[in-house]
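Report on the structure given below.
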Amino acid sequence: MTEFDRGAIRAFRFLDCRFDAATGEACLDYAFDGGPVMTETLRFPGAPFALEGERAAAVRRALRLLHLIAGVSYYKAAVPPEIVVEGEPLDAGTADLLTDVYENGLGEFAYRNGLSLRGKIRFPRGEAAAPVAPALGLSGQAIVAIGGGKDSLVSIESLRELGVPQTVAWVGASPLIAACAQRTGLPPLNVQRALSPRLFELNKAGALNGHIPVTAVNSAILAVAALLRGAGQVVFSNERSASYGSLIPGTGEVNHQWSKSWAFERAFAAHLRSHVAADLRYYSLLRPFSELAVARRFARLDGYDQHFSSCNRNFHILGERPAQRWCGACPKCQFVFLALAPFMPKPRLVAIFGRNLLDEPELAPGFDALMEYRDHKPFECVGEGRESRAAMDLLADSPAWREDALVRRYAREIRPQLAEDERALAPLLEASDDHGIPDGLWERLRAHFGA
Ligand SMILES: CC(=O)N[C@H]1[C@@H](OP(=O)(O)OP(=O)(O)OC[C@H]2O[C@@H](n3ccc(=O)[nH]c3=O)[C@H](O)[C@@H]2O)O[C@H](CO)[C@@H](O)[C@@H]1O[C@H](C)C(=O)N[C@@H](C)C(=O)N[C@@H](CCC(=O)O)C(=O)O
Ligand SMILES: Nc1ncnc2c1ncn2[C@@H]1O[C@H](COP(=O)(O)OP(=O)(O)OP(=O)(O)O)[C@@H](O)[C@H]1O
């Protein structure tokens, strides 16, 4: 494989997207300059689809939005100076949304690759006025995204208790997510996704690589899936803390999980309503709650302990599946262990992880970063530093935990340096008002959460 010379590339091109209603297959085509076409293929279950009139037009609009958002996986390989969108020119609103998603969603990617992308990514726009998407008479069925971790399981069980009809949906071929979905006993919707093999070749040839706003891609995929079924709600489970990134000295805030943030949710939800279908709702059911409030809720569930995992090592496309559901070494494993510890019996938590991470002194640097003690919050989907500090503070007063190595070290070395409000739990369990949950549902959910 010859070295990939990204400097020789002028433009990233969005070529075409197409959907076969008979098979449920969607194809998204991209290229650098006049180079080989890179095609991403998705397969939506439930074919053949009888689409006509306004619903068929809305599916086409949703597919085009998916084509534009999913291009981020390929664009990042070279980040060329120009972006070309074949076909009908974008309206300003769509161009602005995409610029937002690419610029913010590639924030960590840019930081780690030493690139300055701010103001450099510009999607071309025509003079066309923004479209006005009609309402389609979509149903109240909720397409609920499941990720195999605690957050989406809390949403699923909350919606079940509140009597909301739901289909659990996921993208990709993770056996772990499939097992969790099956465990819910709810109707499943699995969208298969195959990235262009050319991307993996470019990676091997030295293309730029890094973190992408995968939740934006998953959201656009499930918006298509919802329209194919006539469902009116796409529900994600991104909690409040996903809106806050890591504060990097000399760089500012870099959010590893920007497309799980309230800023993305609000913009994407509004865009679906204005540009795709006026009655297609997109929201995160956990937006008002902190990670600790969600962890407290998860601790009250049973039946998923030996199935769920938040460890991202379970979700690679290439390579071997890990032997353990929890690696224990990554920030997500360490944060989930810490967040659950105050709310569930210690033997239950140790049985889930197969070990007691808080009694392993060599893991101190990881937990220090989670607490923002002498290090910045890790580039991972973890709670705010004050949430980790509040959880550790609770454990320092718990007879079950206070003798464990890292808890004892916190009490002796870190707690004395913290003011009360830097480690207080109560404010973190209150619900916030910034969310997109439908009014009727929010009041019931708030009572259900006891927030
Ligand atoms: C599972 C994971 O963490 N993957 C990241 C990892 O990829 P790796 O090279 O180790 O292997 P694969 O996951 O098999 O991917 C192979 C290459 O394919 C490209 N790619 C994959 C999926 C995709 O949607 N777009 C892609 O371009 C990529 O070039 C891969 O190298 O490292 C990669 C490079 O840093 C990351 O791009 C992979 O990240 C995945 C897209 C992924 O699913 N990551 C999630 C675990 C993740 O980051 N979730 C965030 C949410 C962030 C958000 O804003 O939505 C979170 O949990 O907070
Ligand atoms: N493969 C996927 N397909 C569709 N949606 C997904 C997928 N993975 C995650 N999601 C959605 O994105 C949200 C954020 O993903 P994330 O992995 O942080 O959450 P989780 O797996 O539900 O819980 P945890 O944070 O404990 O891992 C999930 O709650 C889910 O709604």
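The values are calculated or read from the model by the stated rules, or taken from the named source; none is laboratory data. The structure displayed is predicted, hence computed values, not measured ones. No Cβ is skipped: glycine too gets one built from the backbone with ideal geometry, and neighbour counts run over all protein chains shown. Ligands, DNA and RNA are excluded from the accessible area calculation, which covers all protein heavy atoms including side chains. Shrake-Rupley method; radii C 1.70, N 1.55, O 1.52, S 1.80 Å.
Counting lysine pairs in the chain that sit 8 or more residues apart in sequence, or on different chains, and whose Cα atoms lie under 28 Å apart gives 18. Judged by the gyration tensor of its Cα atoms, with axes a ≥ b ≥ c, the chain is prolate; a/c meets the 1.5 cut and a/b is the larger of a/b and b/c.
For the chain, the longest principal axis of the C-alpha atoms and the axis of helix 262-271 are separated by about 30°. The dipole here belongs to the range 250-291: it is taken about the Cα centre, uses +1 on the Cβ of Lys and Arg and -1 on the Cβ of Asp and Glu, and is about 140 debye. Derived scalar couplings between HN and Hα for the range 168-184 equal 8, 10, 8, 10, x, 10, 6, x, 5, 5, 4, 5, 5, 4, 4, 4, 6 Hz in order, rounded to whole Hz, by the Karplus curve 6.51 cos²θ - 1.76 cosθ + 1.60 (θ = phi - 60°), x for Gly and Pro.
Over the C-alpha trace of the range 160-214, radius of gyration and Dmax come out as 16.5, 51 angstrom.
Taking all protein chains together, W258, W401 sort by accessible area into W258, W401, largest first [probe 1.4 Å]. If you take the beta carbon distance between K346 and R273 as r and set R0 to 35 Å, what does 1/(1 + (r/R0)^6) give as a FRET efficiency, to the nearest 0.05? That pair, K346 with R273, gives E of 0.15.
Under the rule a/c < 1.5 gives rounded, and otherwise a/b versus b/c splits prolate from oblate, where does the range 180-278 land using the Cα gyration tensor?
Numbers: a/c = 1.77, a/b = 1.24, b/c = 1.43.
Oblate shape, in that a/c is at least 1.5 and b/c is the bigger or equal ratio.
Between R122 and E201, the C-beta separation translates, for a Förster distance of 25 Å, into a calculated FRET efficiency of about 0.35.
A straight line joining the Cα centroids of the range 225-251 and the range 253-283 runs 7 Å. With each label modelled as a point 7 angstrom along the Cα→C-beta vector, the A329-T251 pair spans 2.2 nm.
I'd like the FRET efficiency for A11 and H448, computed as 1/(1 + (r/R0)^6) with the beta carbon distance as r and R0 of 60 Å, rounded to 0.05. Efficiency, from the Cβ-Cβ distance: 0.75. Using alpha-carbon positions, what is the distance between the centroids of the range 54-95 and the range 311-374, in Å? For the range 54-95 versus the range 311-374, the Cα centre distance is 37 Å. Helix 53-70 and the longest principal axis of the C-alpha atoms of the chain enclose an angle of approximately 60°.
In the range 8-284, Cα pairs under 8 Å separated by at least six residues give a relative contact order of 23 percent.
For the range 56-133, trypsin sites (Lys or Arg not before Pro) are listed when DSSP marks them as loop and at most 13 other Cβ atoms sit within 10 Å of their Cβ; the list is R118, K120. The charge dipole of the chain, taken about the Cα centre with unit charges on the Cβ atoms of Lys, Arg (+1) and Asp, Glu (-1), comes to about 620 debye, rounded to the nearest 20. Positive-end ranking of L338, L195, T167 along the dipole of the chain, with charges on Cβ about the Cα centre, is headed by T167. In this rough spin-label picture, where each label sits 7 Å from Cα along the Cβ direction, the L301-D33 distance is 5.0 nm.
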